[in-house]
Each structure stands twice: as C-alpha cells, then as structure tokens.
Amino acid sequence: MKATITAIGGFVPSSILSNEMISKIVDTTGEWIEKRTGIKERRIAKDENQATSDLACAAIENLLETYDIDRLEIDGLVLATATPDHLLTPTASKVCQLSGFTNAFGFDLNAACSGFLYALEMATTMIESGRYEKIIVVGADKMSSIVDYEDRNTCILFGDGAGAVLLEKTTLDYGVMKSILRTDGSGTSALMVPAGGSKIPASMQSIVHKQHFINQEGAFVFKRAVESMTNVSKEALAGNNLNVEDIDWVVPHQANLRIINAVSESLNIPTEKVKVNIERYGNTTSATIPLCLWDFAADFKEGQNILITTFGAGFSWGATCVKWGVMRKHRDSHSRKKDKELEHDLMY
C-alpha cells in the first residue's frame, strides 16, 4: 500500500503588498528586497475576520471543486500551520466543520515552515497502514498576523496563503517515498515568536515589547537552512536509491531565493529543474510547498521524480521524494458554471 497525490488546490488573498509599498513603511527599497530575497510581492489577508481557517477552507474548496470530490468520502484532515486561529481549539476542527468533513478526523500540526512536509509524512503513514483511504493535507498560514511591519528584517519576507493536496491509497508504484525529517531545538531562539504561549503568556508587558511578533537572526538561519536542506536532500535521495540525475523537479521551501539557489548549487541540480514562485507570494511558511505544487501541477508528469525539501523554525527540516502518479481528472468547467448558475437560481 502506498499514498499518492491525486488532487491539488490552492488559495492566496487578492490583496497584494508590493516591495514598493513596503519601502514606504520601512527604510528599504524594492530593488534591495528583490536582490536579497527574490521577492517582488506577497499576498495579505487584509480582512481582520479572515483567519488561517478561512485560507485553508478556500484552498480545500478549490481542490474539491476542481476535481469533483465528494467531501463525505474524506477520512481525515491534517492541517499544518504556525498561525492557528486560537491556541485552543484546533484550527482543523473549524476547517472540518466549514468544509463539510462530517466523516473525518482533523488535527493541527506545527513544525513551522517544515509543517506541510511533516504533515504529508504523517498522512502517508496513516494511508500505508491500510486504515484510511483519503486524507487531505493542508498547509496554511496568515503570517501577516505575527509580522511587525516596522521591522525591516522580517516584514519583507512573509505573506499569507494556503495549499492542499489529496492523498489516496494506491497499489501502483507511485506516491510518497521514504522521508527524512530532522529537529534541533538548539536553534529555537534564532527564529521564534517569544510570547503568547505557556512560557510567556500574553500580558501588557509582552505587548509593549512586541513579543507577539516574529524574531529572527537572519544570517544564522540562512546558513543553517542551506546546510540542512542540502544534507537532508542527499539523505533522502540515498534512502530512496536515487541519484541527482534521477530527479525531474525540485520543490523547495520558498523562504529566500538565495537559499534556494545555494541548495540547488550544492546538490548540483540545474536551476531549470527547481520550481520557484517566491517572487509572487513571499514566504507563506506551511503553505509554500503545496502552493508551489499547485502553481506548477501542469508540469509534473506521471512517473517523474520530485524532490521536496524544507527548513523552518524549531529548527525543523526534512526532505522526501515523490514519484508523481495519476491525477484525478479535472471536473468540466462548463459543468461547474452550470452548478453555479443553479445555485444562484435556488438562492434567488
């Protein structure tokens, strides 16, 4: 029994925060941001009522509608996020309710920017166990809710968005292969939101000192990211009996274009094989990998080998290989239009 990706969905808010707009808030320029990060713009959920659960639900709805999937057949939802709606209750509970997953379990998983890959591994093992057949894995984050837009070091990096994949069981030689996941708590203080949890509960002092926003030691994180993503990718290739030449595409965490380029160079993988969309979305944390899969799904062909690698706060990092399988057929767009017209007639 194996687990294979059969459908993909995505969502990003319509509001765009460009480099030029940021340059009017903090002391920087659009050219400097793009040169240092590769980012030109990012999407922001400007509506205060639009939470991470709403982003996740929108990505799921895109997946369900595009591929005409019966939501009652979904066995489970694994939601990777670093920005839950609330500390309690799990955001996945709300997403299950709003998405109509009445026959499914749901839980949150927080491994920061590595969250989607960790969640993919959890869901894969559940399907491989034979107990479940269809699990949706979502990566969603509203990073704008924890970014200090007076901090030039962090406000240029992050955006909001969500991506989702459907994992299904298969007996064919497709799907998620062996994954390598790693964690090193010694890097915790280098990338974190200090307050808001049990260690430093919210208080007037924590608010005044802006401890509810991201703190990052950029240079240290950069070095560890390149080193960790490179080494774990080599481990994943070896663990799956693959060589660099066997890889058709690389889908890396979209944190910084210089990190992506350094990793691909270290692995000796041509840049034309590396999927990059950071220029449009920035770093959406748990959402970067699934959004990249969503953006470039048309390029992935049956039987191709895809290397996925990531690095995030914690420190957490990992890599896996996926042999691309047979995707579900897209629902006919004409049928979707007819359904919308019928829905409108019933409402009015």
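Data table
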read-out	value
Complete set of residues in region 258-279 that are open to solvent by 40 Å² or more (accessible area, probe 1.4 Å), in contact (Cβ under 8 Å) with a residue 40 or more places away in the chain and more than 16 Å from the chain's Cα centre (by Cα)	Arg258, Ser266
Phe222 free of Cβ contacts under 8 Å to residues at least 60 places away in the same chain and open to solvent by 50 Å² or more (accessible area, probe 1.4 Å)	yes
Residue in region 130-153 that is assigned to a helix (DSSP H, G or I), within 21 Å of the chain's Cα centre (by Cα) and farther than 20 Å from Gln254 by Cα present	no
In region 230-249, residue farthest from Glu121 (Cα to Cα) [restricted to those that are assigned to a loop (DSSP other than H, G, I, E, B) and free of Cβ contacts under 8 Å to residues at least 40 places away in the same chain]	Asn243
Residue satisfying all of: in region 189-204; among the polar types (S, T, N, Q) and part of a loop (DSSP other than H, G, I, E, B); most open to solvent (accessible area, probe 1.4 Å) among these	Ser198
Of all residues making up region 162-188, the number that are open to solvent by 30 Å² or more (accessible area, probe 1.4 Å) and farther than 26 Å from Ile306 by Cβ	3
Enumeration of residues in region 42-81 that are modelled with pLDDT under 95 and basic (Lys, Arg)	Lys46
Gly159 farther than 30 Å from Glu73 by Cα and surrounded by fewer than 20 Cβ atoms within 10 Å (Cβ to Cβ)	no
Residues located in region 283-328, provided they are assigned to a loop (DSSP other than H, G, I, E, B), of a type in the set (A, V, I, L, M) and closer than 23 Å to Thr66 by Cα	Val326, Met327
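The values are calculated or read from the model by the stated rules, or taken from the named source; none is laboratory data. Keep in mind that this is a model prediction, so the values were computed, not measured. With ideal geometry, Cβ positions are generated from the backbone for all residues, glycine too; neighbour counts draw on all protein chains shown. In case anyone asks, the SASA skips ligands and DNA or RNA and just uses the protein heavy atoms, side chains included. Shrake-Rupley method; radii C 1.70, N 1.55, O 1.52, S 1.80 Å.
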